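Novice: Below you will find the structure I want to go over with you.
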Amino acid sequence: MYLTNEEERILKGDRGEEKRIAMEILVALGKIYGASRLIPVKSAQISGISYKSIGEAGIRWLRSLSKARVVVPTTLNPAGMDLERWRFMGIHEDFARKQLEIIGILRGIGAEITCTCTPYLAGNRPSFGDHLAWAESSAVCYANSVIGARTNREGGPSALAAAIIGKTPLYGYHLDENRRATFKVRVLADLKDMSDFGALGYWTGALIKSGLPYFSGIREPDDESLKALGAALAASSNASMYHVEGMTPEFRMAIKDEVEKVEFTNKDLAWVYDELTTFRGKKVDLVAIGCPHASLKEMEKIANMLAGKRIANGIKLWIFTSRAVRRTAERIGYIRAIQSAGGEVYADCCMVVSPIEKLGFESIAVNSAKAAFYLRAMSGIDVVFGSLKRCIDIALRGRL
Ligand code: F3S
């Protein structure tokens, strides 16, 4: 891999130990994937910042880089708790202390404490063609597919290394040839709710495992549906990009050669809801919305659905979003509407990367295929996967 003189000096340690470590990571990655050189990135997004995910080993590694400084705008993925309202969530002091240390280190190296998987809704929206080093899989999928920016699915360490150096190896989704479709999915099912798009993403990912799908037959999906589609696709596969005919910015260049084709029918749609629903009882403990983090439009919808109503006793409704969206929702009055009905809105964290299994919840209803998949896999929690309306109905009625 070609390195400039300055990059060689960094690698030798002439610019300090932290930069050397960061450069070593990027060069190792570049060699593994056959990158020809490093390219500058416009921003970085670091994942794996929840104490639940990285534990003691992760904190030790972060401490070793605490003297570094990021050189490009850098945001963070959700942490394990609302950084301001963690006591209210029921987070244990020991967990909070560790989590706050992680955040303190990252703040110290210059990262913005924007802990969200939707940085593009919280002031870090790239432009078409921008090269990025983002780590969270749903954000990566959205940036590549919906915006037309270019990022690989970085790991936490490689995103941090890219933030410190301001560059990333040129391979994978940064190159035109890897942004072409390898698979066509003709959508025959009636997709009505954003959870249906999540179901489509989950089904496709489970089928292809890796590659790049091209969807046709989808009529005017909104932004929320596209975010749900990519999140679930990236959860059930290695895919970090998709095209939607007539919709996403690179769909015209997507098909070069003949590719395999499948159809997604109403029967497949129903199969996903059944497959991801593992809870067979009558009453869940928690209804959790906001995977990926809820947009302002979702907050508005939820506030309207709850207007003048009350969450049933014995069940909780938690909405997860970014600080930026929560601030705006607060000004408009959505937060008040949700709280008046008995719901709560948390920022900086989510149902998957927070220690939800330690908060006394055993069953959760979600409208996200990604959350349904990971809650079961990572936290061993039983799940009901349904539309937003169904989830809010469960919260209001107190039962399925
Ligand atoms: Fe975001 Fe957490 Fe879902 S990081 S995409 S809300 S699992």
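The values are calculated or read from the model by the stated rules, or taken from the named source; none is laboratory data. As the structure is a computational prediction, the values presented were derived from the model and not from experiment. Reconstructed Cβ throughout: ideal geometry from the backbone, glycine too, with neighbour counts over all protein chains shown. The area values use the complete protein model at the heavy-atom level, side chains included, leaving out ligands, DNA and RNA. Shrake-Rupley method; radii C 1.70, N 1.55, O 1.52, S 1.80 Å.
Novice: Tell me the residue from Ile59, Ile25 that is in contact with a Leu (Cβ under 9 Å, 6 or more places away or on another chain) and in a helix (DSSP H, G or I), please. First the steps, then the outcome.
Specialist: On the way: Ile59 fails: in contact with a Leu (Cβ under 9 Å, 6 or more places away or on another chain).
One residue alone meets the criteria, Ile25.
Residues are listed down the side, and each one gets a yes or a no for (1) touching a Phe, Trp or Tyr at 6+ places or on another chain (Cβ under 6 Å); (2) more than 20 Å from Gly166 (Cβ to Cβ); (3) β-branched (Val, Ile, Thr); (4) crowded, with 23+ Cβ neighbours inside 10 Å:
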| position | (1), (2), (3), (4) |
| --- | --- |
| Ile21 | no, no, yes, no |
| Ile25 | no, no, yes, no |
| Pro40 | no, no, no, no |
| Arg60 | no, yes, no, no |
| Gly80 | yes, yes, no, yes |
| Arg87 | no, yes, no, no |
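Novice: Separate question: Only one of these is outside the structural domain of Ile335 (by TED's automatic domain parsing), touching a residue at least 12 places away in the same chain (Cβ under 8 Å) and over 30 Å from Gly333 (Cβ atoms): Ser210, Ser195. Name it. Before you say what the answer is, go through the steps one by one.
Specialist: Details: Ser195 fails: over 30 Å from Gly333 (Cβ atoms).
Criteria check complete, one pass: Ser210.
Novice: Here's a follow-up. Give the residue that is farthest from Pro292 (Cα to Cα), with candidates limited to residues of region 152-174 that are small (Gly, Ala, Ser) and either open to solvent by less than 30 Å² (accessible area, probe 1.4 Å) or touching a Pro at 6+ places or on another chain (Cβ under 7 Å) (or both). Show your work before the answer.
Specialist: Pass one, region 152-174, residues small (Gly, Ala, Ser): 155-156, 158-159, 161-163, 166, 172.
Of the ones still in play, those that are also either open to solvent by less than 30 Å² (accessible area, probe 1.4 Å) or touching a Pro at 6+ places or on another chain (Cβ under 7 Å) (or both) are 156, 158-159, 161-163, 166, 172.
Numbers: Gly156: 18, Ser158: 22, Ala159: 19, Ala161: 25, Ala162: 24, Ala163: 23, Gly166: 26, Gly172: 24 Å.
Once the filter is applied, the top-ranked residue is Gly166.
Novice: Pairs needed: first member in region 109-138, more than 21 Å from Leu65 (Cα to Cα); second member anywhere, within 13 Å of the ligand (Cβ to nearest atom) and charged (D, E, K, R); C-beta distance under 6 Å; at least 6 residues apart or different chains.
Specialist: Cys117/Glu136; Ser137/Arg153
Novice: Do you know which residues across region 335-380 are more than 10 Å from the ligand (Cβ to nearest atom), under 25 Å from Phe95 (Cα atoms) and among the hydroxyl-bearing types (Ser, Thr, Tyr)?
Specialist: Across region 335-380, the qualifying residues are Tyr346, Ser363, Ser379.
Novice: Here are Ile338, Ile381: which of them is farther than 26 Å from Tyr273 by Cα and open to solvent by less than 10 Å² (accessible area, probe 1.4 Å)? Let's see the steps before the verdict.
Specialist: Values: Ile381 fails: farther than 26 Å from Tyr273 by Cα.
From the options Ile338, Ile381, the qualifying one is Ile338.
Novice: When region 267-295 is examined, which residues are found to be of a type outside the set (Gly, Ala, Ser) and within 16 Å of the ligand (Cβ to nearest atom)?
Specialist: Residues satisfying the conditions are Leu276, Leu286, Val287, Ile289, Cys291, Pro292, His293.
Novice: Being more than 16 Å from the ligand (Cβ to nearest atom) and basic (Lys, Arg) is the filter; apply it to region 122-171 and report the residue that is farthest from Leu212 (Cα to Cα). Reasoning before the result, please.
Specialist: Going through region 122-171, the residues more than 16 Å from the ligand (Cβ to nearest atom) turn out to be 123, 125-133, 147-150, 152, 157-158, 160-171.
Going one step further and asking which of them are basic (Lys, Arg), we end up with 125, 150, 167.
Details: Arg125: 23, Arg150: 14, Lys167: 25 Å.
Within region 122-171, the match that is farthest from Leu212 (Cα to Cα) is Lys167.
Novice: Kindly provide the set of residues from region 175-191 that are under 22 Å from the mean Cα position of the chain (by Cα) and surrounded by fewer than 19 Cβ atoms within 10 Å (Cβ to Cβ), ordered by number.
Specialist: The answer is Asn178, and nothing else.
Novice: Then there's this: Report those strands (runs of 3 or more DSSP E) wholly inside region 299-400 carrying at least 3 residues which are of a type in the set (A, V, I, L, M, F, W, C) and under 25 Å from Ala270 (Cβ atoms).
Specialist: In region 299-400, the matching strands (runs of 3 or more DSSP E) lie at 363-366, 382-385.
Novice: If I ask for residues that are among the aromatic types (Phe, Trp, Tyr) and not in a loop (DSSP other than H, G, I, E, B), which ones from region 118-141 would you list?
Specialist: Tyr120, Trp134
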